[in-house]
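For reference, the structure is listed below as structure tokens.
The values are calculated or read from the model by the stated rules, or taken from the named source; none is laboratory data. Remember, predicted model here, so these are calculated numbers, not experimental data. We place every Cβ from the backbone using ideal geometry, glycine too, and count neighbours over all the protein chains shown. For the accessible areas, the whole protein counts, side chains as well, though only heavy atoms, and no ligand, DNA or RNA atoms are used. Shrake-Rupley method; radii C 1.70, N 1.55, O 1.52, S 1.80 Å.
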Amino acid sequence: MSGEYNAQMLETIKKQLKKFPLNPVRPSQQDSGSLAAVMVVLHGDQDDPQIVLTQRAMHLNNHAGEVAFPGGMWDRTDGDLLYTALRETQEEIGLAPALVEPIAMLPEASPKRRKLRVTPFVGLAQGPLELRSEPSEIAAIFDVPVSLFTDINNYQYFEMNHQLGALSFPCLPYKGYKIWGFTLKVLVDLINSTLDAGVELEYPSEELIEELRKRG
């Protein structure tokens, strides 16, 4: 689908997100180091809201240079995972928790190459936003319109070489950035569940992904 949505796209998304209520529980101490939370920030035009994304700094040990949501690891001092998402969002892009209205908690998922459980939250922010990146973690901050993800023609595939051979992954190029992996899957699941976009992407089999994890 492409551009086939009525006005007030944001209102449609908000209405459909009621199926994913906020229920952030406090993790147990033994979960430290295995849990993370991110914030999917929506803002701007009601008819085609923007999503805030970041490019991770190139010197990081994990996912260097990749496109991601603001967010990070759960800390034992955090009250719950929503607190983690809001705290990390402020640290990484300078968006204060008071300026974000959390409206949904999406299903927990894991990046394909890490044994990490990540909970995405969706939050609304009133603009214009004055964001600033934390250079030790973030190389860039940029906005992407939701409508970009509703058109299957915007997607491409790229190959990643590994011991298993070349694996093909979907991605969405945008202004020099490559949106793929965990970030892309969360956004595609979001637009499919709220806008009935019907976007279907092809991924390597779960067996191959599990083997990929094992071999690092």
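In a residue-by-residue description of the range 176-197, the property of being in a loop (DSSP other than H, G, I, E, B), open to solvent by 10 Å² or more (accessible area, probe 1.4 Å), among the acidic types (D, E) and at pLDDT 90 or above applies to at least one position.
Checking every residue in the range 83-101 against the condition of being surrounded by fewer than 20 Cβ atoms within 10 Å (Cβ to Cβ), farther than 21 Å from K175 by Cα, modelled with pLDDT under 90 and in contact with an Asp or Glu (Cβ under 9 Å, 6 or more places away or on another chain) gives zero matches.
Within the range 33-59, the only residue that satisfies the criterion of being surrounded by 19 or more Cβ atoms within 10 Å (Cβ to Cβ) and of a type in the set (S, T, Y) is T54.
For the range 65-101, the tally of residues that are more than 15 Å from G33 (Cα to Cα) and in a strand (DSSP E or B) stands at 4.
Among the residues of the range 102-119, those that are among the small types (G, A, S) and either part of a loop (DSSP other than H, G, I, E, B) or at pLDDT below 90 (or both) comprise A109, S110.
Each row is one residue, and each column tells you yes or no for (1) of a type in the set (S, T, Y); (2) open to solvent by less than 50 Å² (accessible area, probe 1.4 Å); (3) in contact with a Pro (Cβ under 7 Å, 6 or more places away or on another chain).
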{"position": "L124", "(1), (2), (3)": "no, yes, no"}
{"position": "P135", "(1), (2), (3)": "no, no, no"}
{"position": "Y155", "(1), (2), (3)": "yes, yes, yes"}
{"position": "P170", "(1), (2), (3)": "no, yes, no"}
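Part of a strand (DSSP E or B) and at pLDDT 95 or above - does that describe any residue in the range 159-169? Within the range 159-169 (the criterion being part of a strand (DSSP E or B) and at pLDDT 95 or above), the answer is no, since none of the residues qualifies.
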